Amino acid sequence: SMSVEDPEAFVQDEGVKDAIATTISEQAGVSEEYVRVTLAVMRRLEARPRRLLAGSVLASYTIALPSGSPEPPEEIQALLAAVTPADMMAAVSANMASAGIDADAHGMVV
């Protein structure tokens, strides 16, 4: 999960999804066209009325390799498992910057 200032705006930003997909494809060594990213705001159960506060976003992804792909799924899993959360977040931030998206403006904690 990622901590951001405005989780709702973050998950609605298609550029953010694209930057995360780019990061995953780079780390996995696969084409970005095989990566699908879903972002969801992580909710906490509270008795208080809802307020716009910093919160967490869960990024889920699927890598759908075409039939006969030369990339072994086990190797892709191993590559992704070897990436630390800090390295992944730094790469996401760099890819956001390359796409002209300011991670600091989203209040993303890297």
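The values are calculated or read from the model by the stated rules, or taken from the named source; none is laboratory data. All figures in this text were calculated on a predicted structure; none of them were measured in a lab. A quick note on method: Cβ atoms are made from the backbone with ideal geometry, for glycine too, and the neighbour counts reach across all protein chains shown. Just so you know, the surface numbers come from the protein's heavy atoms only, side chains and all, with ligands and any DNA or RNA stripped out. Shrake-Rupley method; radii C 1.70, N 1.55, O 1.52, S 1.80 Å.
Considering only the stretch 1-39, how many residues are of a type outside the set (A, V, I, L, M) and more than 17 Å from L79 (Cα to Cα)?
So the answer is 16.
Is there a residue being at positive phi and either modelled with pLDDT of 95 or more or assigned to a loop (DSSP other than H, G, I, E, B) (or both) anywhere in the stretch 65-80? Spell out how you get there, then give the answer.
Quick first cut of the stretch 65-80, residues at positive phi only: 68.
Pick out the ones that are also either modelled with pLDDT of 95 or more or assigned to a loop (DSSP other than H, G, I, E, B) (or both) and you get 68.
The answer is yes; a qualifying residue exists.
For the stretch 76-104, enumerate the residues that are closer than 21 Å to V41 by Cα and open to solvent by 80 Å² or more (accessible area, probe 1.4 Å).
P85, D102, D104
Being within 16 Å of M2 (Cβ to Cβ) and free of Cβ contacts under 8 Å to residues at least 60 places away in the same chain is the filter here, so list the residues in the stretch 81-92 that pass it.
Listed by number, the residues that qualify are V83, T84, P85, A86, D87, A90.
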